[in-house]
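Worksheet for the structure shown next.
The values are calculated or read from the model by the stated rules, or taken from the named source; none is laboratory data. Not measured: the values here are computed from a predicted model. Don't worry about glycine lacking a Cβ; one is built from the backbone with ideal geometry, like all the others, and counts go over all protein chains shown. Surface accessibility is based on the protein's heavy atoms, side chains included, excluding ligands, DNA and RNA. Shrake-Rupley method; radii C 1.70, N 1.55, O 1.52, S 1.80 Å.
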Amino acid sequence: MTAGSIIATLLIVFAGLLAVPAVSHTNAGTTVSLMASSMAFVAMGLAQFMATRPPFIERLFGGLDRIYQFHRKVGIAVLCLILVHYFVTPDFQGLSLTGDLNKLAKTAGEWAFCGFVLLLVLSLLKGVPKTRLQIPYQYWRFTHRFIGLLFVMVAFHQMFIKRPYDGTVLLATYLNAFALVGIVSYAYTQLLPWLRTRKYAVAQVERHDGATIITARPTGRKLRALPGQFGFFRVNKSGLREPHPFTIAGIEDDGTVRFAIKPLGDYTKALREAVAVGDGLTLEGGYGHFNHRRGGKKQIWLAGGIGVTPFLAMAGRLKGDEGQDIHMVYCVRDGAEAIGLDTFRTQAEKLGNFSFILHNSSTDGRLDAARLVAGTSMNPAEADLWFCGPPPLRMAIEKGLRELGKTPRRVEFERFEFR
């Protein structure tokens, strides 16, 4: 677990512990119900805060990808906790400000419960189980935005519903603090497109077999990103306005950026067909901690398919004075899908600390741990393995290296599952 996930979990559990003395004079059902609702509320507030993508939180979690993974787990926990609160009948008859506010708070809670169950289930599912029907990303993202409004309703519910404790107990103060955090965070996320994005214009579009390479230049303030990071990308034209995360394949000192995007889904296919020179882009970033400078003196870079993009950015900025020996293997199913070969080969010829191999599976056979070891003079057991590509390839390589007694010192990779 990361430091961020530990801290967040403790904050959620602490809400449950505070609920115990607040309702110690009631029955067990009330205690369990209030513990569940208190933990769910704090978890909701934290989820809203994490959605603002603050840089210091990203460092605590070890990258935005880890934040989204934890965010998903929080969603599952909230769903379970609100179901407990709903079905474990509590005795919450107690203090309230006015009868009218109590009735309104009760109604708000009931509507918010139904809305949360529906939206959380939609958020956690990618498609209809046991079918090929997938929930399109744009619909998932649109419905997900309503969770913030439901949180506001829940905050109103917890503040004005009848409860067996008054507003001076520590639990009330704790929940009110997270109500403020969650509401302010939600308001900030709605302003995010205007506060943290940068305007760019497409300068070049290259359509290769393996990817669409888009080069763009800033029209105002430039994007701040390190090689290996990713950004949220959208085109300011019909059908392409939804922001999607893509790794930055290159960034220059003047702010010029390149994205290499493989046409895998509806959005990326539409992007390949419709994007054109002169189109306006809205970018946000950079995010992520996938940067070789955090690694050891010996590194093996392994790219699978379009997973080459962070390595393109990192290799392009190598100068040879990093104090690191780097061996890169770029695995493709067919040579036609390879991109950026000129960058890798030029750097390998010029720099003494960088070597490069292209593995073409159609002619060289399937890449496995034995082939990886045979292709480099570097002992994987003495090196870091930096990986970007299909998870099955990473797991197969890791397993194979363990069986060969050459387990890497550490394995670095990012989890690009944001829904």
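Key figures
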item	result
Relative contact order of the range 1-124, defined on C-alpha pairs under 8 angstrom at six or more residues apart (%)	31 percent
Model label zone, residue 10; criterion: amide N under 15 Å from point 7 Å along Cα-to-beta-carbon; scope the range 53-83	60-61
Residue among 360, 27, 176 with the largest mean-square fluctuation in a Gaussian network model of the chain, springs linking Cα atoms under 10 Å	27
Tilt relative to the chain, helix 99-124 - C-alpha long axis, 0 to 90 degrees, to 10	30 degrees
Heavy-atom accessible area per residue - the chain, 1.4 Å, Å²	49 Å²
Accessible surface of the range 301-358, 1.4 Å probe, proportion on carbon and sulfur as whole %	45 percent
Within the accessible area of the range 147-284 (1.4 Å probe), percent carbon and sulfur	58 percent
Burial order of peptide ranges 363-373, 46-56 (average beta-carbon count within 10 Å, highest first)	46-56, 363-373
Accessible area of the range 1-111 belonging to carbon and sulfur atoms, whole % at 1.4 Å probe	71 percent
Charge dipole (debye, nearest 20) of the range 176-285; +1 at Cβ of Lys and Arg, -1 at Cβ of Asp and Glu	200 debye
Charge tally in the Cβ shell below 14 Å around residue 339, where Lys, Arg are +1 and Asp, Glu are -1, residue 339 excluded	+1
Calculated Cα Rg over 2.2 N^0.38 Å (choose from (1) 1.14; (2) 1.24; (3) 0.98), label	(1)
Potential lengthening between residue 118 and residue 83 on full extension [0.36 nm per residue; Cα-Cα distance subtracted]	11.4 nm
